[in-house]
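The values are calculated or read from the model by the stated rules, or taken from the named source; none is laboratory data. Owing to the predicted nature of the structure, the values given are computational and were not obtained by experimental measurement. Cβ placement follows ideal geometry from the backbone for every residue including glycine, while neighbour counts extend to all protein chains displayed. Keep in mind that these areas ignore ligands, DNA and RNA; they rest on the heavy atoms of the full protein, side chains included. Shrake-Rupley method; radii C 1.70, N 1.55, O 1.52, S 1.80 Å.
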Amino acid sequence: DDMAAPTAAPATFGAAELLTSLEEELAAAKKTIDLHTRHAERGRRHQEAIGKRAKAEERFGAVKKLGEALKALQASEAERAFAPLSTATNELLQQMSSPFRLQVNSAADFGATDARRGGAYTCFWSLSDAERACVGAAMALALVRLSKSPWPALVMDGLEKMDATTLESFLDGVRGAFAAGWLANFVGALVATSTVEIGIPQAGLEIHWMGGK
C-alpha cells in the first residue's frame with residue numbers, strides 16, 4: 001500500500017519546437033502573400049494606366065484629325081474667298097518687280113512667299129515694315145481694282161516705311177493701275193526728312209501728298 005504509482009510526464013513530441021517552426025512558416029507565408037498582393041496591385045494599376053493612356057491617345061488622334069480637317073476647310077474657304085484678291089495682288093506685285101507673292105491661308109493669316117529666300121512661306125505679320133508696306137500696298141491696289149467703284153480711289157499712309165527702291169516699285173504699280181483704268185485718284189501720306197522725288201506723271205491723275213518733309 002505504501003507503494004505509489006509513478007507519475008508519467010506528458011509526451012510533448014517536441015511540441016514547442018514544432019510550434020515555433022509553424023509560426024515561422026506562417027510568418028513567411030504571410031510575407032509571401034503580402035508580396036504577391038502588392039505585385040498584383042501594381043499590375044492592376046499598370047493595366048489601368050495603360051488603358052487610360054490608350055483612351056487618351058485615341059482622343060488625341062480624334063482631335064488631331066478634327067484639327068487637320070478644320071485646317072483643310074479653312075484653306076479651302078480662303079482659296080475660294082480670296083482667290084480673286086490673291087490673283088490681282090500677285091499680278092500687281094509682279095508688275096512692281098516685287099519678290100513677294102500673296103498667299104491667303106485663312107481669313108486671319110495673310111502670308112507671302114518670299115522668292116529671295118527660296119520660295120519659303122513667311123507669315124505677313126513677320127515681314128519687316130517695308131515688306132509689309134509693299135505687300136499691303138499691292139493688296140490695296142488690288143482691292144481698288146476689284147471693287148469696280150464708280151470713283152476708284154486709293155489712300156495710303158505710312159509710305160515712309162518703304163525704302164526708295166520699294167517706294168519706286170510701288171509707284172510703278174500705281175502708274176500701271178492708272179494706265180489700266182483701275183485708279184482715278186491717289187492720296188499718299190509720306191513723312192520724310194528731305195524732299196522725295198515722286199516721279200509720277202501728273203497728266204490725268206490727281207495726286208495729293210501730305211507731309212512731304
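What's the magnitude of the charge dipole for region 45-96 around its Cα centre, counting Lys and Arg as +1 and Asp and Glu as -1 at the beta-carbon? Answer in Debye, nearest 20. Please report the intermediate quantities before stating the final value.
Values: 9 positive and 7 negative charges, 107 e Å.
Dipole magnitude for region 45-96 comes out near 520 debye.
Multiplying the residue separation of E168 and A153 by 0.36 nm and removing their Cα-Cα distance gives an extension gain of 3.5 nm.
Quantify, in whole percent, the carbon and sulfur part of the accessible surface of region 27-171 (1.4 Å probe; protein heavy atoms only). If you can, show how the numbers build up before the last one.
Details: 5580 of 9320 Å².
The C+S portion of the solvent-accessible surface of region 27-171 is 60 percent.
May I ask for the net charge around T87, where only other residues with Cβ less than 15 Å from the Cβ of T87 are counted and Lys, Arg are +1 while Asp, Glu are -1? Every neighbour counted, the sum reads +1.
Between N185 and W125, the FRET efficiency from the beta-carbon distance, with R0 = 30 Å, is close to 0.55. Taking amide H as placed 1.01 Å from N in the peptide plane, D157 has its amide H under 5 Å from the amide H of A189, each at least 5 places away in sequence or on another chain. Annotation: amide H-H contacts under 5 Å for V104 (H modelled 1.01 Å from N, sequence separation of 5 or more, or interchain): G111. Among 21-30, 73-82, the peptide with the highest mean count of other Cβ atoms within 10 Å heads the list, and the full ranking is 73-82, 21-30.
In straight Cα distance, which aspartates and glutamates are under 13 Å from K71, not counting same-chain residues fewer than 8 positions off? Of all the aspartates and glutamates, those that pass the test against K71 - Cα under 13 Å, at least 8 places apart if same chain - are E79, D109.
Looking at region 20-116, the accessible area is 73 square angstrom per residue; that uses a 1.4 Å probe and ignores ligands, DNA and RNA.
Label sites at K52 and H36, each approximated as a point 7 angstrom past Cα along Cα to Cβ, lie 2.8 nm apart. Per-residue packing, averaged as other Cβ atoms within 10 Å, sorts the ranges 125-131, 96-102 into the order 96-102, 125-131, beginning with the highest.
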